[in-house]
Amino acid sequence: MRTKTGEEAPFFDALSKIGIETRVRDLQEWYGGAKKADWDVGIVIDAIRTAPGVDVIVLCSGDGDFIPLVEYLKNQGKRMEVMAFGKTTSSKIKEVADEFIDLDDNLPKFLLKK
């Protein structure tokens with residue numbers, strides 16, 4: 001998601017520099033401060049479309065809503081890795097993923113300073 005402040009830019013820059021294709025969607029903000037990106041369906045569609053041509057899929061989200069996707073793709077023979085900030089990641093998605101990579105463990109690798 002893309003915020004008005006651009007605070008996420010270093011993270012996306014780091015991903016791009018190591019060869020990871022990213023897709024960015026503008027963050028929706030409502031009166032009262034509520035925010036949402038609504039990208040879940042797009043991520044699921046991309047993952048399922050991409051799956052036939054790859055052995056491993058890395059999901060960069062700790063949202064437990066993606067557990068059925070992880071389970072489905074594992075049942076299709078894909079290795080499912082999840083990268084997210086461990087403190088805010090669903091414990092169940094950590095369990096069902098083949099590997100969980102905690103971004104908190106190596107912030108300098110994933111966040112570039114400008």
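The values are calculated or read from the model by the stated rules, or taken from the named source; none is laboratory data. Predicted model, so just to flag it, every value in this text is computed and none were measured. Note that we place each Cβ from the backbone using ideal geometry, even for glycine, and neighbour counts take in every protein chain shown.
Of note:
- Note on the range 9-34: residues that are more than 12 Å from the chain's Cα centre (by Cα) and at pLDDT 75 or above amount to 9.
- Lys109 meets each of the listed conditions (1) in contact (Cβ under 8 Å) with a residue 40 or more places away in the chain; (2) buried (at least 17 other Cβ atoms within 10 Å of the Cβ) apart from (2).
- The condition of being in a strand (DSSP E or B) and modelled with pLDDT of 95 or more holds for only one of Ile57, Ile93, Ile67, Ile48, that being Ile57.
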